[in-house]
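Some notes on the structure that comes next.
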Amino acid sequence: MNRGRRLRSSANLRGLVRERRVSKDSLIYPLFFQDGENIMEEISSMQGQYRYSVDRISDAIDPALKVGVNKFILFGIPAEKDAAGSQAYAEEGIVQRALRAIKKAYGDQVYLITDVCMCEYTSHGHCGILKGNMVDNDATLPYLARIAISHVEAGADMIAPSDMMDGRIDAIREALDKKGYTNIPIMSYSAKYASSFYGPFRDAADSAPSFGDRKSYQMDYHNLREAVREASYDEEEGADIIMVKPAMSYLDVLREIRVSTELPIAAYSVSGEYSMIKAASKLGYIDEYQMMCETAISIFRAGADILITYYAKELANAIDRGDIG
Ligand code: PBG
C-alpha cells in the first residue's frame, strides 16, 4: 500500500499536486512616513522596517519594486496631533504628501492603499472623537469619510478603514460615491481584534492610547461569531475586501469568514508577528527564513487571498527561489 505518500515522492510531483499556490501579486507591504527631511530611521521594535520622510520615497519603494512587490499600505506619523486628529485629513498631511510624491514618481507602477484611522493623529491616541472618556462612534464617522476623501484626492487607489466604528463603511462609501470616486474600492478591517500583537506598531506610529485601551471598539479575542457578523455588516455596507487582523493567532477566524463570504479576504500579519520572528531568530532559537515562509503559507492556507506583511520583500524572494509559491 502506498496511498498518498506516492504523491510526495518527487519535487515535480509535489509541485503538481500542491494545493495552495501563492504569488507576489497577493502581497502588500506596509510603509511608514513621517515629517522631516532625509529621514530613514529604523523602527527599534521592528528591525528592518523604517520610518521615511517624503523625500526618501525611493528608498522605500525601489527595493520592493525590484523584487516584484508593488502594492503598499501607507501609514503616517504627523508632527502635530490634536483632539480631532486634523492632520489625518489635512491637504498637507503626511500621508497626503507621501501619496502625491509616490504617484508623481511611479504612477501606475504602484498600487497605494491607505489606512484610514485617527489613532496616529489624535492627541489622546484613540481611533475616533472622544465624548468624555469614550469614543463617540457616530461623531467619528464624518471624520473618517473626510480622511478617506482626502486620501483619494491625493492619489490613493484603495481605502482601508481600520478604526472599527460601526457604520463606517456605509459612511465612507457614500462620501466617496458622492464625490464621484465610485471606482475606489474599500478594504475593511472587519475583524480587528484588540490585540497585544500591535505593540511594536504603536511604537512605530507613536499611537498608543494615552489612557485606557481599544477594547470598546476593537474585538474581544474570545469571540469568533462576532467576527463573522462584523464581516457581513461590512459586506452589506459595501466593502470590497474583508480583512482579518492579526493573522497568526486568528487563522480560525480567517477560515470561518472564508466560508461565510464570497468576497476576497486579506489577512494582516501585524507588527508583533513580525517582531516575534525577528527577535527569536536573533537569539538563535528559530530559523527566520523558514519561519517566515511557514507562517505566511499557513495564512494563505487558512483562506486568505491577500497578505499584508512586513516580510513582503523577503517572501517575494522566497517565491523567486522556489521555496514557496
Ligand atoms: C490603526 C492601525 C493599527 C495597526 C494597523 N492600523 C494599530 C492599532 O489598531 O492599534 C496595527 C498594525 C500592526 O501592528 O502591524 N488603527
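Angle between the Cα long axis of helix 225-237 and the longest principal axis of the chain, 0 to 90 degrees, nearest 10?
60
Which of rounded, prolate or oblate describes region 186-325 when judged by the alpha-carbon gyration tensor and an a/c cut-off of 1.5? Write out the running numbers ahead of the final one.
Working: a/c = 2.09, a/b = 1.24, b/c = 1.68.
The shape class here is oblate.
With charges set only on the Cβ (+1 for Lys and Arg, -1 for Asp and Glu), what does the dipole of the chain come to about its Cα centre, in debye to the nearest 20? Working shown, then result.
On the way: 38 positive and 47 negative charges, 301 e Å.
Roughly 1440 debye for the chain.
Output the peptides 279-288, 20-29 sorted from most to least packed, where packing is the average of other Cβ atoms within 10 Å over each peptide's residues.
Values: 279-288: 12.4, 20-29: 17.0.
Per-residue Cβ counts within 10 Å, averaged per peptide and sorted highest first, yield 20-29, 279-288.
According to the square roots a ≥ b ≥ c of the eigenvalues of the Cα gyration tensor, what is the shape class of region 77-151, taking rounded for a/c under 1.5, prolate for a/b larger than b/c otherwise, and oblate for the remainder? Please report the intermediate quantities before stating the final value.
Working: a/c = 3.03, a/b = 2.14, b/c = 1.42.
Because a/c hits 1.5 or more and a/b exceeds b/c, region 77-151 counts as prolate.
Roughly what would the spin-label model give for LYS66 and PHE211, points 7 Å off Cα along C-beta, in nm?
4.8
Round to a whole angstrom and tell me the spacing of the C-alpha centers of region 270-325 and region 174-215.
Comparing the Cα centres of region 270-325 and region 174-215, I get a distance of 23 Å.
Under the 0.36 nm per residue contour assumption, what length would be gained going from the current alpha-carbon distance of SER196 and SER123 to full extension? The partial results should precede the final answer.
Values: separation 73, 0.36 × 73 = 26.28 nm, distance 2.10 nm.
Full extension of this stretch gives 24.2 nm more.
Which of the three applies to the chain, rounded, prolate or oblate, going by the alpha-carbon gyration tensor with a ≥ b ≥ c and a/c under 1.5 meaning rounded?
Working: a/c = 1.63, a/b = 1.39, b/c = 1.18.
Since a/c reaches 1.5 and a/b is larger than b/c, the shape of the chain is classed as prolate.
Taking springs between alpha-carbon atoms closer than 10 angstrom, which of ARG255, ARG202, ARG14 fluctuates most in the Gaussian network model of the chain?
Taking springs between Cα atoms under 10 Å, the residue moving most is ARG14.
For ASN223 and ALA83 in the same chain, what is the full-extension length gain: residue separation times 0.36 nm, less their Cα-Cα distance, in nm?
On the way: separation 140, 0.36 × 140 = 50.40 nm, distance 3.11 nm.
Between ASN223 and ALA83, full extension yields an extra 47.3 nm.
Using a 10 angstrom cutoff on alpha carbons, build the Gaussian network for the chain and name the most mobile of GLN96, GLN290, GLN87.
Among GLN96, GLN290, GLN87, the largest GNM mean-square fluctuation belongs to GLN290.
Using Cα pairs closer than 8 Å and at least 6 residues apart in sequence, work out the relative contact order for region 162-290, in percent.
Values: 164 pairs, mean separation 37.5, N = 129.
Relative CO of region 162-290 lands at 29 percent.
Which of the lysines could a cross-linker bridge to LYS215, judged by Cα under 24 Å and excluding same-chain residues fewer than eight apart?
LYS215 reaches LYS81, LYS131, LYS192, LYS245.
According to a simple spin-label model (label point 7 Å from Cα along Cα-to-Cβ), what is the distance in nm between LYS131 and LEU7?
Placing both labels 7 Å along Cα→Cβ, they lie 5.6 nm apart.
Using the number of other C-beta atoms within 10 angstrom as an exposure proxy, rank HIS222, HIS151, HIS124 with the fewest first. Could the numbers behind the result be given before it?
Details: HIS222 7, HIS151 28, HIS124 19.
Arranged by neighbour count, lowest to highest, HIS222, HIS151, HIS124 become HIS222, HIS124, HIS151.
Could you give me the ³J(HN,Hα) list for region 63-76, computed from phi with Karplus coefficients 6.51, -1.76, 1.60 and θ = phi - 60°, whole Hz, x at Gly and Pro?
Per-residue couplings from phi come out as x, 6, 4, 4, 9, x, 9, 10, 10, 9, 10, 9, 10, x Hz.
Tell me, how many Å apart are the Cα centres for region 240-257 and for region 127-159?
Measuring centre to centre over Cα atoms gives 23 Å.
For SER190, what residues show an amide H to amide H distance below 5 Å, using hydrogens built from the backbone and excluding near sequence neighbours?
Residues meeting the amide H criterion: MET243.
Once you've got the Cα coordinates, tell me which of LYS24/LYS178; LYS278/LYS313; LYS103/LYS278; LYS104/LYS278 are over 26 Å apart. Don't skip to the end; give the middle numbers.
Details: LYS24/LYS178 34 Å; LYS278/LYS313 15 Å; LYS103/LYS278 32 Å; LYS104/LYS278 34 Å.
The answer is LYS24/LYS178; LYS103/LYS278; LYS104/LYS278.
Using the charge dipole of the chain (Lys, Arg: +1 at Cβ; Asp, Glu: -1 at Cβ; taken about the Cα centre), state which of PRO246, ALA160, PRO185 has its Cα farthest towards the positive end.
Checked the options; the winner is PRO246.
³J(HN,Hα) across region 307-320 via Karplus (A = 6.51, B = -1.76, C = 1.60, θ = phi - 60°), whole Hz, x for Gly/Pro?
Each residue's phi maps through the Karplus curve to give 10, 9, 8, 6, 9, 3, 5, 5, 5, 4, 4, 5, 5, 4 Hz.
No value in this document is a laboratory result; all are computed from the given coordinates. Remember, it's a predicted structure, so these values are computed and weren't measured experimentally. Using ideal geometry, Cβ is built from the backbone for each residue, glycine included, and neighbour counts are taken over all protein chains shown.
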